[in-house]
Structure formats: C-alpha cells, structure tokens
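Rule-based calculations on the coordinates, nothing more; no lab input. Predicted, not measured: the structure shown is a model, and the values here were computed from it. All Cβ positions, glycine included, derive from the backbone under ideal geometry; neighbour counts span all protein chains shown.
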Amino acid sequence: MLTRLLALGVVIGVAGWWLLASGPTTAVEPGTARLETSHRVEPGSARLETPHRVAPGSARLPASPEPPTIGRAEPGATAGITQGRPTAGATAAGPSGLLLPVQGITPTQLQDTFTDARSQGRVHDAIDILAAEGTPVLAVADGTIEKLFDSERGGLTVYQFEPGGTYCYYYAHLQRYADGLAEKRAVRRGDVIGYVGHTGNASPDAPHLHFEIHRLGPEKQWWKGESLNPYPLLRGEQALP
C-alpha cells in the first residue's frame, strides 16, 4: 500500500514538472520590464528652442543713411565757387525772383539809399547792405560774370549779366572774390561770388555791399546802363520792369 502511494506521488510530481516545463512562456524583450528611466530624446527632436539663426544677408538692421554732403557742387561746377544754394539767410525776393545778395540779411533790414547824395554831386544809384566783414555775397540770379574790376571808388567789384542780357548786377567793396571766380564764368542763383569788405572808398568802420541793378542798352556794355532801384525789388514789392 505504501509502495503504491509513493509511486503515485512520483507520477504526480513528474506530471506537474512536465506541465510547468512545457507551458507557454513569455520572452522578455531586452530593455522591457525595467525600471522606468528618463525619456531618451531622438537626435534632432524635442530640443530646447535656441535663438533663431539669421541667414547671412537677411533680416539685417537697416543701414544708416549716408550723411548728406554739405556744399556739394553740381556736376560741372567750378571748383572754389560754393554752390550749396545757401539756405541760412538766403531770402528770395517775391516777384523779382532775386535773392538777397548778402547771406543772413532779411528784407526788413534793408535801407533805401538809392537817391542819397554822394560826393561831387553824384547820386548813389544803389543800396548799401551793411554786414560783418567776410560775410558771403551771393549771386542774386543765374548769369555770367561779365567783368571783374578793381576801381578806385568801388574797390573789388563784380559785374554780372543775367542770361537774357537785359540786366546787369553790380557788387562792390568786396573783401575778396570767391576762389575760382573768373570772367565769362557761369554762376547760379545763390552761389557765393565774394565776401563783404570795405575796399575802395568804403569806411573800414562800416563794411558793406554796394549793390546796383542796371538795365542794359543794345550795346550790352557793363559800365553803362539805366540804374534801377534795388530796394523794392529785393524787398519783393515789385518785379523787374
């Protein structure tokens, strides 16, 4: 009896072992059932955002504008003659279109000295525009330098013809001419042609520009013409006749 029970126990043990050994097993893939570790980020994915790289030549800050050049001459301009079209104190004179010939002077500062008496029974036939020695003298209009003359009374003078040859503008008592100024040289309205002085018979205590306007005759002689009063023309009160 005991022998049978032992044999039965052995059979049951063997059967149980066989069942366990032959039953389905689940293979564990490498890396599974591990303790959870930090998530590995694939190369190039889920990176921390970095500052945007700007492609060369794109999205650049705008370049600073080129600084303007002061007093740049027009193409073909004569070296030495300032062609900056002076704005500081350069005042147009209404209907006549003439510029005040002394930089920094306004129409209200002008005085009408056209009929003032002068020595030897002469009449002035001009206006005197007081200004500091060396103040720029400006061409009142476009034209041509007809004559540069050093006279006993007028000192260093400029005779300028306008393009139509109808009028002559006369500037006297200049301290000096603008560099490069020459006879038959074209100038434009606003060009610096000289500087206020006291040459000739002007007083050193009162430097000024002596300015005349002549209406030329048919012969177009720079020393001869009908005198016109510059005062109302430069103040904008009337046009050239």
What are the ³J(HN,Hα) values, in whole Hz, obtained from phi via the Karplus relation 6.51 cos²θ - 1.76 cosθ + 1.60 with θ = phi - 60°, for each residue of region 109-115 in sequence order, with x given for Gly and Pro? 8, 6, 10, 7, 10, 4, 9
Cleavage-rule hits (GluC sites (Glu not before Pro)) in region 211-240: DSSP loop, at most 14 neighbouring Cβ within 10 angstrom: 219, 237
With θ set to phi - 60° and the Karplus curve 6.51 cos²θ - 1.76 cosθ + 1.60, what are the ³J(HN,Hα) couplings of region 227-241 in order, to the nearest whole Hz, using x for Gly and Pro? 6, 10, 6, x, 4, x, 6, 6, 7, x, 8, 7, 9, 4, x
Please state the shape class of region 101-217: rounded when a/c is under 1.5, otherwise prolate if a/b exceeds b/c and oblate if not, all from the C-alpha gyration tensor. rounded
Amide proton proximity set for residue 187, modelled H, under 5 Å, gap of 5+: 143, 144, 145
About its Cα centre, what dipole magnitude does region 93-241 give when the only charges are +1 on Lys and Arg Cβ and -1 on Asp and Glu Cβ, stated in debye to the nearest 20? 240
J(HN,Hα) series, region 195-212, from Karplus relation 6.51 cos²θ - 1.76 cosθ + 1.60, nearest Hz, glycine and proline x: 9, 4, x, 9, 5, x, 9, 6, 7, x, 7, 9, x, 6, 9, 8, 10, 10
